[in-house]
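The values are calculated or read from the model by the stated rules, or taken from the named source; none is laboratory data. Please read these numbers as outputs of a predicted model, since none were measured by experiment. Don't worry about glycine lacking a Cβ; one is built from the backbone with ideal geometry, like all the others, and counts go over all protein chains shown. Accessible surface is based on the protein model in full, side chains and every heavy atom, while ligands, DNA and RNA are left aside. Shrake-Rupley method; radii C 1.70, N 1.55, O 1.52, S 1.80 Å.
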Number of protein chains: 2
Amino acid sequence: MKEGKPATIKEIAKRLKISPSTVSRALNDHPSIGLVTTMRVKKVAAELNYEPNQTAIFFKQRKTFTVGVVLPSLSEPFFSAAISEIENVASEKNYTVIMGQSLDDADREMRILQTLKTHRVDGVLMSIGKNTQNYPFIELMESAGIPIVFFDCVPDIENIHKVYCDLETGMLEAIDRFVSCGHHAISLINGPARLLASMEREKAYRKGLSKHSIPFKEEYMVNTDLTPEGNEAAILQLLALSDRPSAVVSFNDYVAMDVMKAVRKRGVALNQDIHFISYANYPLWKYIENPPMASIEQFPGDQGRKAAELLFQLIETTEGREPTKITFHSRLVNPG
Amino acid sequence: MKEGKPATIKEIAKRLKISPSTVSRALNDHPSIGLVTTMRVKKVAAELNYEPNQTAIFFKQRKTFTVGVVLPSLSEPFFSAAISEIENVASEKNYTVIMGQSLDDADREMRILQTLKTHRVDGVLMSIGKNTQNYPFIELMESAGIPIVFFDCVPDIENIHKVYCDLETGMLEAIDRFVSCGHHAISLINGPARLLASMEREKAYRKGLSKHSIPFKEEYMVNTDLTPEGNEAAILQLLALSDRPSAVVSFNDYVAMDVMKAVRKRGVALNQDIHFISYANYPLWKYIENPPMASIEQFPGDQGRKAAELLFQLIETTEGREPTKITFHSRLVNPG
DNA sequence: CTGTTAGCGCCTTCAC
DNA sequence: GTGAAGGCGCTAACAG
């Protein structure tokens, strides 16, 4: 039952008393091999349960048919959706996926990339962590000739391939919606100020307000460090205001959940006294008793798919390509 | 910046006018190489930016330092927790992780295993899908000499390595809890009857009841196909009973969420008219307004870690080992 | 301590 | 159409 060694080309050559090269060609349907020999070879191959030794092929072809995926966390539904699509694209192309979670740790991120490099992956897809400030890995991968495509959480520099979601459109739609429901006291609970993602939200928020001629009020924009405590602190800051906002856009759904929990605890009525819209649109909203008024969808699956497709293009064209930038537009949707 | 070819051992040998084997040994800190030569070699290696070609090493050593992980879905928090721990163990051991989602599709499962085999992974960790009835892949992997360890959702056969969570203890604790709160009309919303997981729950449920001398009532045990519709239908069946149960154990948290939603919709008061306990203990409960009374923890992370550790043992011992069975015991905990 | 030789399994010129 | 030979990069006998 247990075959010590899998069959090799040589053995089937020996059996047929022909040369290994002929066998190799036959197995690869090389045109110059006679149909009969090809058949005979394949028959014996099947009998011997022959399977090509991929490691040998990888070695020879200088290609591993493997791509690496690096992202902050697998447990976030957002990234799950992305990696799922990535895997679909990869398996269509007969590539396998090696993955690593950075857990928002820049060192760990770098280590993962190193590993991927020594494993000679053919390409890398990456969404950087919140704490990643500089990007040594870009040069690392480039010097190794390994293409890398960033998605969703992308470095704020040019000359790289990236796929991401423009946060502005969703924010504008959110504010439109709030305004059309009669809200004018609209807050933003933003993430850490240094994050690109936060800066974009703020910019869009200001733009949305001014579009409706609502003046920007300092005290309506608060920041959270994205911890549960920070999230709670942020909403308390808003609730304490004499002119408490009636509508809030929050950084993402996790923030929204903490915030809504805190609101509930204080006896403020959700979707009555105060209304929420947040980014991400996590699937679990449909189970919640009082879900937010709306969500801003960021299309993780589509981003993942596009990024993967782009990566495979880069892998297939040996030439160094122009940096490509693909943008999705966030959109307001019903939660869940 | 971009080096066409990475440096090889040969080149650094040539530079130093020594033999490649010496270089190889030096780089691997072989004891028989003089300290000076070792130093010189390493110095030149660093200068040339040498990095060993893993594909060559894999090829030569007949080992890829890669393990495959196959599970139904990455997006379930349960499996995320497991794979996260698996990855931790793997990276401690300097292994990388290739993963595939079966999406509960038996064919896809088989295809993933095939791919893992051709990629010559050193071992496989697997949690089988709900629809997997027979296990051709066991023989497949065995004939290739690739050890496989199952975890959580494991085949119902002997002679395999498995790590799983005994569901009984948690069920007994749940029923104890219900009874001590004065409940005697205790229902079970179970999964598809053919699932091993369902059979175990039923058995434990019956045992728990009889422990408290509560007679088993047919109409108190209903099944769901685990779809949202099925879940709703199941609870409606219970609610329609003249002697409606006041306490329900449900198959898992997804079922519980659907069920609780349905209950809410009909104006039955959660945690008052009717109480729930379910398996899994998903982290999101802490955000829910009326969470279940308790959850049954199945320790996905611990299962993943143990399974991985076992797999690495198997990989390291060339000998075919006795089938190992490691059991965790589910436990009642506060949700979230 | 170091060098020589050989070979992992496959593919690919180059000959015939 | 087929065979022989060589080599990918590295390691591991076997010699010195």
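If residue A:59 satisfies all but one of (1) in a helix (DSSP H, G or I); (2) more than 12 Å from DNA strand C (Cβ to nearest atom); (3) open to solvent by 40 Å² or more (accessible area, probe 1.4 Å); (4) within 12 Å of chain B (Cβ to nearest Cβ), what's the number of the condition it fails?
Failing condition for residue A:59: (2).
Which number in (1) away from DNA strand C (no atom under 16 Å from the Cβ); (2) farther than 30 Å from residue B:131 by Cα marks the one condition that residue B:67 misses?
(2)
Just checking, does segment B:322-333 include any residue being among the basic types (Lys, Arg), under 16 Å from residue B:81 (Cβ atoms) and away from every other protein chain (no Cβ under 14 Å)? Please lay out each step first, then the result.
Filtering segment B:322-333 down to residues among the basic types (Lys, Arg) leaves B:325, B:331.
Add one more test, that the residue is under 16 Å from residue B:81 (Cβ atoms), and what stays is B:331.
Checking the rest, the ones that are also away from every other protein chain (no Cβ under 14 Å) come to B:331.
Looking through segment B:322-333, at least one residue is among the basic types (Lys, Arg), under 16 Å from residue B:81 (Cβ atoms) and away from every other protein chain (no Cβ under 14 Å).
Considering every residue within segment A:26-40, establish whether at least one is within 30 Å of residue A:305 (Cβ to Cβ) and more than 9 Å from DNA strand C (Cβ to nearest atom).
Taking segment A:26-40 as the starting set, the residues that turn out to be within 30 Å of residue A:305 (Cβ to Cβ) are none.
No: zero hits.
Looking at B:172, B:140 in this structure, which one is touching a helix residue (DSSP H, G or I) at 6+ places or on another chain (Cβ under 7 Å), more than 30 Å from residue B:209 (Cα to Cα) and part of a helix (DSSP H, G or I)?
Numbers: B:172 fails: more than 30 Å from residue B:209 (Cα to Cα).
Of the residues listed, the single one that is touching a helix residue (DSSP H, G or I) at 6+ places or on another chain (Cβ under 7 Å), more than 30 Å from residue B:209 (Cα to Cα) and part of a helix (DSSP H, G or I) is B:140.
Among what's in segment A:42-51 and is free of Cβ contacts under 8 Å to residues at least 40 places away in the same chain and open to solvent by less than 50 Å² (accessible area, probe 1.4 Å), pick the residue that is nearest to the other protein chains (Cβ to nearest Cβ).
Keep residues of segment A:42-51 that are free of Cβ contacts under 8 Å to residues at least 40 places away in the same chain, which gives A:42-47.
This time we only want the ones that are open to solvent by less than 50 Å² (accessible area, probe 1.4 Å), so: A:44-45.
Details: A:44: 18, A:45: 14 Å.
Only one residue fits best here, namely A:45.
Working only within segment A:18-35, note down all residues that are more than 7 Å from DNA strand D (Cβ to nearest atom), over 41 Å from the mean Cα position of the chain (by Cα) and open to solvent by 30 Å² or more (accessible area, probe 1.4 Å).
Within segment A:18-35, A:31, A:35 meet the criteria.
Give the residue that is farthest from the chain's Cα centre (by Cα), with candidates limited to residues of segment A:286-297 that are open to solvent by less than 20 Å² (accessible area, probe 1.4 Å) and not aliphatic (A, V, I, L, M).
A:292
Which ones in segment A:206-255 are within 15 Å of residue A:188 (Cβ to Cβ), assigned to a loop (DSSP other than H, G, I, E, B) and touching a residue at least 12 places away in the same chain (Cβ under 8 Å)?
A:212, A:214, A:224, A:226, A:241, A:244, A:245, A:246, A:251, A:252
Run down B:186, B:146 and say which single residue is more than 18 Å from the chain's Cα centre (by Cα), open to solvent by less than 10 Å² (accessible area, probe 1.4 Å) and among the β-branched types (Val, Ile, Thr). Talk me through it step by step, then tell me what you get.
Values: B:146 fails: open to solvent by less than 10 Å² (accessible area, probe 1.4 Å).
Within the list B:186, B:146, the selection yields B:186.
Which condition number in (1) surrounded by 18 or more Cβ atoms within 10 Å (Cβ to Cβ); (2) assigned by TED's automatic domain parsing to the domain that holds residue A:149 is the one that residue A:281 fails?
Unmet condition: (2).
Condition check: within 11 Å of chain A (Cβ to nearest Cβ), open to solvent by 20 Å² or more (accessible area, probe 1.4 Å) and assigned to a helix (DSSP H, G or I). Does residue B:81 satisfy that?
Numbers: within 11 Å of chain A (Cβ to nearest Cβ): yes; open to solvent by 20 Å² or more (accessible area, probe 1.4 Å): yes; assigned to a helix (DSSP H, G or I): yes.
Against the criterion (within 11 Å of chain A (Cβ to nearest Cβ), open to solvent by 20 Å² or more (accessible area, probe 1.4 Å) and assigned to a helix (DSSP H, G or I)), residue B:81 qualifies.
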